[in-house]
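Laboratory data are not the source of any read-out in this text; all were calculated from the coordinates shown. Values in this document were obtained by computation on a predicted structure and should not be read as measured data. Note: ideal-geometry Cβ built from the backbone for every residue, glycine included; neighbour counts use all protein chains shown.
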Amino acid sequence: MSTTAKEDKSEQLRKMRHSASHIMAEAVQSLFPDTKFGIGPAIENGFYYDFELPRSLTPDDLISIEAKMKEIIKNGVPFTQQDMSKKEARQIFADQPYKLELVDELPDDTVSIYRQGSFTDLCKGPHVASSREVRAFKLTTIAGAYWRGDETRPMLQRIYGVAFLDRKQLKAHLHMIEEAGKRDHRKLGRELDLYSISNAIGPGLALWHPKGALVRRTIEDFWKDEHLKKGYDLLYTPHIAKSDLWKTSGHWEMYRENMFSPMDVEGQEYVLKPMNCPFHIMIYKSTLRSYRELPIRYAELGTVYRFERSGVLYGLTRVRGFTQDDAHIFCRRDQLQSEIEGILELVQYMMSSFGFEKYDIMLSTRPDKYAGTLEAWDEATEILRQALEHLDLPYEIDPGEGVFYGPKIDVKLRDALGHTWQGPTIQVDFNLPARFDVNYIGQDGNEHQIVMIHRTVLGSMERFLACLIEHYGGAFPLWLAPVQAVVIPITDRHAGYAEKIKVALQEAGISTRVDTRSERMNLKIREAQLQKIPYMLVVGDREEENSTIAVRKRTGEKQETVTLNDFIKTANTHIKERDNEL
């Protein structure tokens, strides 16, 4: 398909999805005449509309709304556009407070509206010509949404739907949604006993259970080992600091809304850290640095705290306290591009090690609210671009999505279902070195300002674990699995032999449990499979007599009997090689 044809098809889909949201609004209006309407845009794969309704909707309401939509579509209702003055629009939307608010904010006096059937909406379009052009669709979920995303404003009810050009595409997408539901990290996190979030402690603050902590430890140990190999020094820094530090860094001015309120400590104001960078700067500045020492690479698994509104908190992907695989590189300008290329190569290695072969790379440029000079921004952006092109890495420009102190490269991971996740990020910063007067002594004996790179190669540990859970559907590869094997004695008299097997495996570095419950063997095997444990080792009279184990894989492959030493050798090879297939 040509580029033009793809663009035409994309535009057709966008118009159809936008029109589907209006048809849904008309259907809701017919069922709930007193509805107050928010907004209803087209989004990726579908559409939504926000409503203020006389009561809470139920799943049965979606069935009724969908039936009414099909009736409207069958009638072939035309979409018509009209321009009018703000005064006329206020009369039309006199009983619609949310629409009136939008009308008042429009910069021009001319207002565009669209009508179809009995429904009129404030809208620029575009739309399809007739409701008959809205083809395969399905209403999917009901959610709460604050008006304008502001938690101080009314909570509306949002209905989501999906829409495609034909039934085949719709069916495939609904199947993917079903699979995504099975892989939801919130669901699997609970079922596999990996983590929890307790209201008694506070929303957005994760508790890592023993199994989740084992997965995290494996990831962190691998991360530390690889960073030490790459010449990084590991750091630990405090969780709080004086507010003056954040005023110097610019976070107080640029990032205050995302920081927790200050606390008084003996008459001085302290704040929970939202970032690790000022701490690393202070370590760098603890002694005079020479150009011969550069680059200096500091890395920390540092826990930070950011005030996220309760309405946006979501499992492990949006939390208030998280551990970032953070690192900061202090270098000379002439070292900058080679350091960025080294980070990109480390990113590729780490991603492939965890089984992520597909990802999108974005070059995020200067936002409206920024610190530093235009010249510094242009220089940093160009160096990032050159590094990407030198390594022949495809990328897209993401306009205005840089952080306030510098441009960045963002890597969006693609999981097994094609969903994207925010992953590694690389940011060039001339601003903080200037604010903190971070220098080195050059070859000429004079002070020169350092260049700083902020980077992560995984993101936050919380979000990365969520990504891993959904990518593997909870069935972690052997090297990441919190329980790598479970020993299942056929009867109680085999429990002693099962315990000996467990001890031997744990001494060999293989995480093992024994299931000694008074349950049938087949039930134990089934439950181990549901817990996504890679190996089930069944032992009975024959195995004990021959010093062997009967090995079953969670994939259901045919059981085989092997010696304990052979099993240890095979398992440890998979673990050492970080084989993501098992």
Determine Rg/Rh for region 3-177; Rg is computed over alpha-carbon atoms and Rh is the Kirkwood hydrodynamic estimate from the same atoms. 0.96
What lysines sit close enough to Lys242 to cross-link, taking a C-alpha to C-alpha distance under 18 Å and skipping anything fewer than 8 places away on the same chain? Lys273, Lys285
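For Cα pairs less than 8 Å apart in space and 6+ apart in sequence, what is the mean separation divided by the residue count of region 485-576, i.e. the relative contact order in percent? Walk me through the numbers on the way to the answer.
Numbers: 133 pairs, mean separation 27.0, N = 92.
Here the relative contact order equals 29 percent.
For a quick protection proxy, order the peptides 362-371, 554-563, 253-262 by their average other-Cβ count within 10 Å, most packed first.
Going from most to least packed, we get 362-371, 253-262, 554-563.
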Env charge @ Ile441, Cβ radius under 14 Å, K,R +1 / D,E -1, value 0
Region 321-376: GluC sites (Glu not before Pro) in DSSP loop, at most 16 other beta carbons within 10 Å: Glu357
With a cut-off of 20 Å, note down the residues of region 176-202 whose backbone N falls inside the zone around a label point 7 Å from the Cα of Lys358 toward its beta carbon. 176-185
What residues have an amide H closer than 5 Å to that of Thr303, excluding those fewer than 5 places away on the same chain, when H is modeled at 1.01 Å from N in the peptide plane? Gln324
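Translational D (Stokes-Einstein, µm²/s) of the chain at 37 °C and 0.692 mPa s when Rh comes from the Kirkwood sum over C-alpha pairs? Provide the component values of the computation, followed by the final result.
On the way: Rh = 27.9 Å.
Translational D for this selection: 118 µm²/s.
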Show the residues, 5+ positions off or on another chain, whose built amide H is closer than 5 Å to the amide H of Arg513. Ala485, Val486, Val487
Within region 485-576, percent of DSSP bridges classed antiparallel, to nearest 5: 50 percent
Förster radius 35 Å - calculated FRET efficiency between Lys558 and Leu165 (Cβ-Cβ, nearest 0.05): 0.20
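Please give me the summed charge of the neighbours of Asp221: other residues whose Cβ is under 14 Å from its Cβ, Lys and Arg +1, Asp and Glu -1.
Summing Lys/Arg as +1 and Asp/Glu as -1 gives +2.
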Quick one: 3J(HN,Hα) in Hz for region 399-412, Karplus 6.51/-1.76/1.60 with θ = phi - 60°, rounded, Gly and Pro as x. x, x, 9, x, 7, 5, 9, x, x, 8, 9, 10, 10, 9
Proximal charge balance of Pro278 [Cβ under 11 Å; K/R count +1, D/E count -1]: +4
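What percent does the relative contact order of the chain come to when contacts are Cα pairs within less than 8 Å and at least six residues apart?
Numbers: 1034 pairs, mean separation 57.0, N = 582.
So the answer I get is 10 percent.
Return the ratio Rg/(2.2 N^0.38 Å) for region 485-576, where Rg is computed over Cα atoms only. List each step's numbers first, then the result.
Values: Rg = 11.9 Å, N = 92, 2.2 N^0.38 = 12.3 Å.
Compared with the compact-globule rule of thumb, region 485-576 sits at 0.97.
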